Amino acid sequence: MKKVERINVIMRYINNRGHFTISEIMQEFNISRSTAIRDIREIEVMGMPLVAEVGRDGGYFVMNNSVLPTVRFTDNEIKALFIAFMATRNQQLPYLKSRQSLAEKLLGLISENQQDDLVLLNQILLFEGTNPHNPDLLDLSDLPHPMLEKLIQILLVESYLLVTVKKERELKSYPIYLLHLYHEKGLWLIEGFDLEEEKRLIVPVDNLTHVEPYPTKKRISKKKILERLTQQEEAINLVLELGPKAIAQFKKYHPLKFSLSYTNPYQTTAIIKTFINVHHSEELIDITNWLLFLGDDIKIKAMPKEVLEGLQKRLNLYV
């Protein structure tokens with residue numbers, strides 16, 4: 001049993017019994033005396049009102065038979081939650097209004113000292129996208145597209161969708177099997193398999209006007225969809241070896257379809273093998289920019305000439 005899980009179970013055990021001894025905790029949870037004492041002290045720090053009884057038959061009891069709240073947080077857990085909330089501000093994430101109410105409840109549960117710590121953190125920590133003149137945790141200045149939350153609710157029960165997309169001044173509907181919903185370059189994107197064209201399709205959530213489940217009778221099985229996708233996989237034409245600096249850059253940002261394979265146990269070298277569609281001008285520009293972003297800690301083992309020419313043109317601009 002993990003420590004956090006064990007402490008939660010011990011807290012419920014204590015609250016149900018009212019009175020207990022260290023020996024009882026040791027026996028009930030099969031832990032050492034030192035571990036039992038550390039756990040009891042941590043439970044006290046979390047706010048459970050325990051009173052120690054001295055003497056041969058002494059132990060602990062819960063003051064005034066207090067009822068244990070469902071969840072209690074340590075100081076570090078509160079800071080972790082708060083910083084996570086801060087780091088996700090202005091990221092066009094779904095359920096921002098729910099995040100706001102969660103933050104309000106969290107602030108209402110903690111002590112004044114803990115609130116003071118969070119106020120100080122809010123003043124000194126700035127993340128990308130945060131307005132330094134108004135670093136308000138409850139600020140909802142960058143709400144996502146209203147279709148995003150509706151889309152997520154549908155995806156929880158259904159992967160076959162009929163999506164209607166606005167293209168210029170026209171509306172077009174696509175029957176898709178959803179593969180991924182992901183966030184890239186400040187945009188939410190749907191990656192799906194077009195059930196009519198039988199090919200991979202990327203749709204920006206911002207362009208959605210309507211989403212609904214696709215009729216069952218017209219569906220292709222998931223097995224057949226994966227078989228078609230496998231058949232359409234192109235031959236690898238880009239192979240890169242990455243050093244530690246390039247790996248660090250890769251972790252900051254990389255295209256969705258790119259995956260990293262480490263080549264040593266220390267994860268200081270890695271290799272990327274993928275396919276680049278050189279006939280897709282936008283993809284060609286994106287991959288050129290991304291390769292420059294990786295820096296000079298890479299070795300090129302294979303690369304389409306179109307990508308190489310694009311890199312040379314970009315580099316000549318700086319000479």
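The values are calculated or read from the model by the stated rules, or taken from the named source; none is laboratory data. Everything quoted here is computed from the prediction, not taken from an experiment. Glycine gets a Cβ as well: all are built from the backbone with ideal geometry, and neighbour counts include every protein chain shown.
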Point to revise | Residue count, region 291-319 (criterion: touching a helix residue (DSSP H, G or I) at 6+ places or on another chain (Cβ under 9 Å) and within 23 Å of Leu260 (Cβ to Cβ)) | key: 14
Exercise for review: Only residues that are in contact (Cβ under 8 Å) with a residue 24 or more places away in the chain, of a type in the set (A, V, I, L, M, F, W, C) and not in a helix (DSSP H, G or I): list them for region 18-55, please.
Suggested key: Phe20, Ile31, Met46, Met48, Leu50
Point to revise | Residue pairs meeting the criteria (Cβ under 8 Å; at least 6 apart or on separate chains; first on the phi < 0 side of the Ramachandran plot, in region 207-235; second in a helix (DSSP H, G or I) and of a type in the set (A, V, I, L, M)) | key: Leu208/Met147; Leu208/Leu151; Thr209/Met147; Val211/Met147; Val211/Leu151; Val211/Ile154; Glu212/Ile154; Pro213/Ile154
Check your understanding: Does region 273-301 hold any residues that are surrounded by 13 or more Cβ atoms within 10 Å (Cβ to Cβ), out of contact with any Lys or Arg (no Cβ under 7 Å at 6 or more places or on another chain) and either closer than 21 Å to His183 by Cβ or in the same structural domain as Leu189 (by TED's automatic domain parsing) (or both), and which are they?
Key -> Glu283, Asp286, Ile287, Trp290, Phe293, Leu294
Check your understanding: Picking from Asn64, Asn15, which residue would you name as being modelled with pLDDT of 75 or more, over 30 Å from Leu148 (Cβ atoms) and assigned to a helix (DSSP H, G or I)?
Key -> Asn15
Revision key, fill the gap. Note: among His180, His133, just one is part of a loop (DSSP other than H, G, I, E, B), loosely packed, with under 12 Cβ neighbours inside 10 Å and either within 17 Å of the chain's Cα centre (by Cα) or modelled with pLDDT under 90 (or both), namely His133
Point to revise | Identity of the residue in region 75-111, β-branched (Val, Ile, Thr) and assigned to a helix (DSSP H, G or I), that ends up surrounded by the most Cβ atoms within 10 Å (Cβ to Cβ) | key: Ile78
Revision key, fill the gap. Tyr214: passes all of (1) hydroxyl-bearing (Ser, Thr, Tyr); (2) loosely packed, with under 15 Cβ neighbours inside 10 Å; (3) in contact with a Leu (Cβ under 6 Å, 6 or more places away or on another chain) but (2)
Practice item. Quickly run through region 14-31 and pick out the residues that are more than 16 Å from Val51 (Cβ to Cβ) and loosely packed, with under 15 Cβ neighbours inside 10 Å. Key: Asn16, Ser23, Gln27, Glu28, Asn30
Revision key, fill the gap. Considering region 156-177, residues that are outside any strand (DSSP E or B) and at pLDDT below 90, and then whichever is nearest to His280 (Cα to Cα), we arrive at Glu168
Check your understanding: Is there any pair linking a residue in region 93-105 that is modelled with pLDDT of 75 or more to one that is of a type outside the set (A, V, I, L, M), with Cβ under 6 Å and at least six apart or on different chains, and which?
Key -> Pro94/Pro144; Pro94/Glu149; Ala103/Phe85
